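Q: Before anything else, here's the structure in question.
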Ligand SMILES: [Mn+2]
């Protein structure tokens, strides 16, 4: 296997590995509590702020979300449940994988960088090698920090490798030109919303998005690949669990139509899978953006256990926790109409989504709709922002339902010049969890339009969110169940 690597630009201000204190002993006892103690030792002032502002008595959410697996399924004309994707798509995907193995040609895998994408990539990789494709014909590529597979970096890598087969996994949808100008077969495996034709030109695709309860990319890849080789079940089942818990959270009930994973969880306890999710997701959030390390760890592991003791992953996790803690105490400012809270941070680590999620569960005003965390330190001259729906607004239905993308667009609706300068990376993602990357200049103008800081009445609310509980909250339930 070739892990194609491009030099990442060094981000000033990032936590370099050599300045990390000796964290291994601490992490050996790793728990939220241990980490908390580490932070307290580092910053007594922080402890004080936290004790004052984060009582454990935050009210429990009254929003009742049905169990994910109970989402009504789509049925075909014979009344059969269509899951996790249309049969014809799944069968075509299997054909392409088998063709690829027998063709013995250069093959490129482009997996997304999170637990779901990496697991999906590893399942496909193990499948291809099991059915006879030599590993030295397989390349795996991750675009650098701030780029995605539709950017120039990927195009030039593709040209360099000149693959006959390209697999694009869990990358989300975008209608683009072909990833490669020469003759090739491209298969997209995904579960994000896709507009009509929202794939690279000429690509074939299999998507779980239209077959609720929407499976993860790892689970879809698993179900596609499993029948292709008898030895796979043992090798990749834990990866299907890893990716699925990565996207859907660790409370998912593995009930039909989800496959029975009892044997997998017997061998690999849920706790070890869930701990591995957090570790695998850490490098992509760290300043160094060392996604390759997460891939190497996942592809060489035979279960979650080796991931739990992987020092590179642990160091990244430590850095991300520390950065999250550091920036979770910034007081929010509010939009003119008090519906949007804006937290401005400056971190080379990708902690803005986590900070937004934390505050979204904390701010209590009934008016509050959207919590936005803007990171001015993630990429040079850019502002990366993440938005989440405030907890109290999540139960809204019908025309009152919060649609982040629509709200962001409506703010600039009367300023077409600014809208065009905000570009394509503004207000991307899901209605319930959107974000974007914009230039500093446009960010300042956008803030003015929102009237950030003009509303001072809400300041009393600007305390600090309680420490995030271990349960993952921004699961795909938010994205898919409510997205209908
Ligand atoms: Mn995914």
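Q: Is one or more of the residues making up the stretch 147-161 free of Cβ contacts under 8 Å to residues at least 60 places away in the same chain, assigned to a loop (DSSP other than H, G, I, E, B), within 16 Å of the ligand (Cβ to nearest atom) and within 22 Å of residue 287 (Cα to Cα)?
A: Yes: the stretch 147-161 contains one or more residues that are free of Cβ contacts under 8 Å to residues at least 60 places away in the same chain, assigned to a loop (DSSP other than H, G, I, E, B), within 16 Å of the ligand (Cβ to nearest atom) and within 22 Å of residue 287 (Cα to Cα).
Q: Another question about this same structure. Hey, among the residues in the stretch 176-192 that are part of a loop (DSSP other than H, G, I, E, B) and within 16 Å of the ligand (Cβ to nearest atom), which one's farthest from residue 104 (Cα to Cα)?
A: Once the filter is applied, the top-ranked residue is 192.
Q: Anything in the stretch 312-344 that is more than 20 Å from residue 451 (Cβ to Cβ) and either more than 20 Å from the chain's Cα centre (by Cα) or assigned to a loop (DSSP other than H, G, I, E, B) (or both)? List them, or say none.
A: 326, 328, 329
Q: Would you check if there is a residue in the stretch 234-250 being assigned to a loop (DSSP other than H, G, I, E, B) and either under 20 Å from the mean Cα position of the chain (by Cα) or more than 14 Å from the ligand (Cβ to nearest atom) (or both)?
A: Yes, the conditions are met somewhere in the stretch 234-250.
Q: Could you tell me whether residue 208 is buried (at least 20 other Cβ atoms within 10 Å of the Cβ), within 16 Å of the ligand (Cβ to nearest atom), touching a residue at least 12 places away in the same chain (Cβ under 8 Å) and closer than 22 Å to residue 143 by Cβ?
A: no
Q: Looking at residue 297, is it outside any helix (DSSP H, G or I), crowded, with 19+ Cβ neighbours inside 10 Å, away from the ligand (no atom under 16 Å from the Cβ) and not assigned by TED's automatic domain parsing to the domain that holds residue 363?
A: Judged against the criteria, residue 297 is not a match.
Q: Then there is this: Looking at the stretch 218-227, is at least one residue within 15 Å of the ligand (Cβ to nearest atom), without any contact (Cβ under 8 Å) to a residue 40 or more places away in the chain and either closer than 28 Å to residue 131 by Cα or not assigned by TED's automatic domain parsing to the domain that holds residue 264 (or both)?
A: Among the residues of the stretch 218-227, not one is within 15 Å of the ligand (Cβ to nearest atom), without any contact (Cβ under 8 Å) to a residue 40 or more places away in the chain and either closer than 28 Å to residue 131 by Cα or not assigned by TED's automatic domain parsing to the domain that holds residue 264 (or both), which makes the answer no.
Q: Also, I was wondering about something else. In the set 264, 221, which member is over 22 Å from residue 188 (Cα atoms) and in a helix (DSSP H, G or I)?
A: On inspection, the qualifying residue turns out to be 264.
Q: Within the stretch 232-271, how many residues are within 15 Å of residue 303 (Cα to Cα) and at pLDDT below 95?
A: Of the residues in that region, 0 qualify.
Per-residue answers, yes or no, for (1) without any contact (Cβ under 8 Å) to a residue 24 or more places away in the chain; (2) surrounded by fewer than 24 Cβ atoms within 10 Å (Cβ to Cβ); (3) touching a helix residue (DSSP H, G or I) at 6+ places or on another chain (Cβ under 9 Å); (4) not in a strand (DSSP E or B):
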{"position": "348", "(1), (2), (3), (4)": "no, yes, yes, yes"}
{"position": "353", "(1), (2), (3), (4)": "no, yes, yes, yes"}
{"position": "395", "(1), (2), (3), (4)": "no, yes, no, yes"}
{"position": "399", "(1), (2), (3), (4)": "yes, yes, no, yes"}
{"position": "410", "(1), (2), (3), (4)": "yes, yes, no, yes"}
{"position": "421", "(1), (2), (3), (4)": "yes, yes, yes, yes"}
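Q: In the stretch 70-113, what residues are within 16 Å of the ligand (Cβ to nearest atom), within 25 Å of residue 258 (Cα to Cα) and outside any loop (DSSP other than H, G, I, E, B)?
A: 111
Q: Going through the stretch 428-446 one residue at a time, which ones are under 26 Å from the mean Cα position of the chain (by Cα), under 23 Å from residue 354 (Cα atoms) and at pLDDT 90 or above?
A: Listed by number, the residues that qualify are 435, 436, 437, 438, 439, 440, 443, 446.
Q: If I filter the stretch 133-145 for residues that are part of a helix (DSSP H, G or I), buried (at least 20 other Cβ atoms within 10 Å of the Cβ), touching a residue at least 40 places away in the same chain (Cβ under 8 Å) and within 16 Å of the ligand (Cβ to nearest atom), do I get at least one hit?
A: No - not one qualifying residue is present in the stretch 133-145.
Q: Looking at the stretch 163-175 only, could you name the residues that are surrounded by 14 or more Cβ atoms within 10 Å (Cβ to Cβ) and either part of a loop (DSSP other than H, G, I, E, B) or away from the ligand (no atom under 16 Å from the Cβ) (or both)?
A: 163, 164, 165, 166, 170, 171, 172, 173, 174
Q: Check whether at least one residue in the stretch 110-128 is touching a residue at least 12 places away in the same chain (Cβ under 8 Å), in the same structural domain as residue 162 (by TED's automatic domain parsing) and more than 26 Å from the chain's Cα centre (by Cα), and report yes or no.
A: no
The values are calculated or read from the model by the stated rules, or taken from the named source; none is laboratory data. Worth saying up front: this structure is predicted, and the values here are computed from it rather than measured. No Cβ is skipped: glycine too gets one built from the backbone with ideal geometry, and neighbour counts run over all protein chains shown.
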